[in-house]
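The values are calculated or read from the model by the stated rules, or taken from the named source; none is laboratory data. The model shown is predicted, which means the values in this text are computed figures rather than measured ones. Glycine gets a Cβ as well: all are built from the backbone with ideal geometry, and neighbour counts include every protein chain shown.
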Amino acid sequence: MLRTLAIRATRSSFPLLRTMSLAHPVIRPAVVPIVQTQRFNSTRLHSAGPDWSAPEITYEELKPRTEQPQADAYLIDVRELDEIAQGSIPSSVPLPLSVFAEALRAPEDEFRNKHGFKKPTVNQEIIVYCRSGKRSATAADIANKYGYTNVKNYSGSWLDWSKREGENRGN
């Protein structure tokens, strides 16, 4: 009621406002969620640039290593946990890209408590993969920036692995 009186008083005092419709407010675009901004920025901040890229490993090189895993090497899945739930490469351990840099900076005991496996040393072999190879390339760059010297990228990643495993099973 009070709003109606205020609008009537304003419109009678200012004839130009009579032609304006106040019933339809201006709709402004939503603000970009902070999660999207952080994900974009974390990728850009950790880009190693063109002077370094991780050596790549192929399906043929990786397959025997999943059948007989080595204790001194890590196969790390950098996809998010909901993606990993759909399937993963045997003997891999999860360490999503969203927490990858933070995890590599963590002390050994904190790392083990939070992620459930021993933190790799800077000289241990680390093979990273994701869905298509882009996030794993970013993870390899991050590891390199933190001093990890034996990092490889399975650039075919989960898409290549699942396709080839399906072909091998005759599906």
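So the values come out like this:
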item	result
Some residue of the stretch 88-99 being under 16 Å from residue 55 (Cβ atoms), in contact with a strand residue (DSSP E or B) (Cβ under 7 Å, 6 or more places away or on another chain), surrounded by 18 or more Cβ atoms within 10 Å (Cβ to Cβ) and of a type in the set (S, T, N, Q)	no
Members of the stretch 120-136 that are among the small types (Gly, Ala, Ser) and either surrounded by fewer than 17 Cβ atoms within 10 Å (Cβ to Cβ) or under 18 Å from residue 73 (Cα atoms) (or both)	132, 136
Search result, residues across the stretch 93-112 that are of a type in the set (Gly, Ala, Ser) and farther than 9 Å from residue 78 by Cα	101, 103, 106
Pairs with Cβ under 7 Å, 6+ apart, first in the stretch 119-133 and free of Cβ contacts under 8 Å to residues at least 40 places away in the same chain, second among the small types (Gly, Ala, Ser) and outside any loop (DSSP other than H, G, I, E, B)	132/157; 133/157
Residue within the stretch 80-92 that is touching a Pro at 6+ places or on another chain (Cβ under 6 Å), on the phi < 0 side of the Ramachandran plot and at pLDDT 95 or above present	yes
Residues satisfying the stated conditions in the stretch 70-120, i.e. among the basic types (Lys, Arg) and under 20 Å from residue 163 (Cα atoms)	79
Residue check, residue 141 touching a residue at least 60 places away in the same chain (Cβ under 8 Å), over 19 Å from residue 59 (Cβ atoms), surrounded by 15 or more Cβ atoms within 10 Å (Cβ to Cβ) and over 12 Å from the mean Cα position of the chain (by Cα)	yes
Filter result (of a type in the set (A, V, I, L, M, F, W, C) and under 11 Å from the mean Cα position of the chain (by Cα)) within the stretch 81-96	81, 95
Number of the condition not met by residue 159 [criteria: (1) of a type outside the set (Ser, Thr, Tyr); (2) more than 20 Å from residue 71 (Cα to Cα); (3) surrounded by 14 or more Cβ atoms within 10 Å (Cβ to Cβ)]	(3)
